[in-house]
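Note sheet for the following structure.
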Amino acid sequence: MNWQILKDQIFALTIANMKSRYRNTISGIIWVILNPIIMYGAQSYAFSHILKLNIPNFNLFLLLGLLPWLFISQSILMSATMLVNSGALLKSYSIHPFVVVASQVLDNMFNFALAFLLILIPSAFFSDIPLIRFFWLIVPSFSLVISVISLCWLISVLNVFFRDTAFVMTFILNVSFFLTPIFYPVNMINDDYRWIVKFNIFHLIISPFQNILASQDQVLLESTAISLVVSVGLAATSFLVWKWRRNELFRYL
């Protein structure tokens, strides 16, 4: 398919999704803001006041891990069954299957960006971290979007052939939330179990956001470089899986 047509279809369907979500109501926008605030408030209270985790700038640390995680998990859960649910549409019109998945992720990206600006930026402004460091988040945000689109595309294609994929991913995400250092730093993990973090793809994607708070710039640069490598690897993997099974996909829809 022509790349210009593909881009135009993604843009048009993304706008349509956003209009559908927010048409004649402000509840969609309010929920975009309230959802992360409620989750952040509950977890912040539990971990700082009940478990009494003594972590410098904990509130900001939690936000920098939680907001990307919500974007990742919600995008995966919403996109996993997109191709199967859109089977009739894909068979009736000349729309590339990637358009359906990418437009859903980009719709979620708008929600992520809105929450990022309205929740994180004010919190960063009142912190003791230099604001100039937060401009670096542009780089890991780019790798985050590429990684999430690639993951969602890969999972949605696999779900066409293995219909339990969506259910398995729900279980994996529930477990991964606790295995991913979102509300606790890596140095709290016993040395014998840190290998789990090294192979945790969600941590590799999210860590550059939280490493904004690290005192050493090298830690931030290394984690950002790793996240970029992960995004390229996921994009290549999803492309190869699509190329391998694309001729059979419409037969299984």
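When region 203-244 is filtered for residues that are open to solvent by 40 Å² or more (accessible area, probe 1.4 Å) and either under 28 Å from VAL99 (Cβ atoms) or in contact (Cβ under 8 Å) with a residue 40 or more places away in the chain (or both), the ones remaining, listed by number, are LEU228, VAL229, VAL232, ALA236, THR237, PHE239, LEU240, LYS243, TRP244. If only residues of region 43-80 that are of a type in the set (Ser, Thr, Tyr) and modelled with pLDDT under 85 are counted, the one that is nearest to the chain's Cα centre (by Cα) is SER44.
Just one of (1) open to solvent by less than 30 Å² (accessible area, probe 1.4 Å); (2) of a type outside the set (Phe, Trp, Tyr); (3) modelled with pLDDT under 95 fails for ASP191. It is (1).
Taking the criterion of being open to solvent by 20 Å² or more (accessible area, probe 1.4 Å) and assigned to a helix (DSSP H, G or I), the residues of region 71-93 that qualify are GLN74, LEU77, MET78, MET82, VAL84, ASN85, ALA88, LEU89, LYS91, SER92.
Annotation: of all residues in region 1-26 being at pLDDT below 65 and open to solvent by 70 Å² or more (accessible area, probe 1.4 Å), the one that is nearest to SER94 (Cα to Cα) is MET1.
The values are calculated or read from the model by the stated rules, or taken from the named source; none is laboratory data. Keep in mind that what you see is a predicted model, and the values were worked out from it rather than measured. Here the Cβ is made from the backbone with ideal geometry for all residues, glycine too, and neighbour counts use every protein chain on show. In case anyone asks, the SASA skips ligands and DNA or RNA and just uses the protein heavy atoms, side chains included. Shrake-Rupley method; radii C 1.70, N 1.55, O 1.52, S 1.80 Å.
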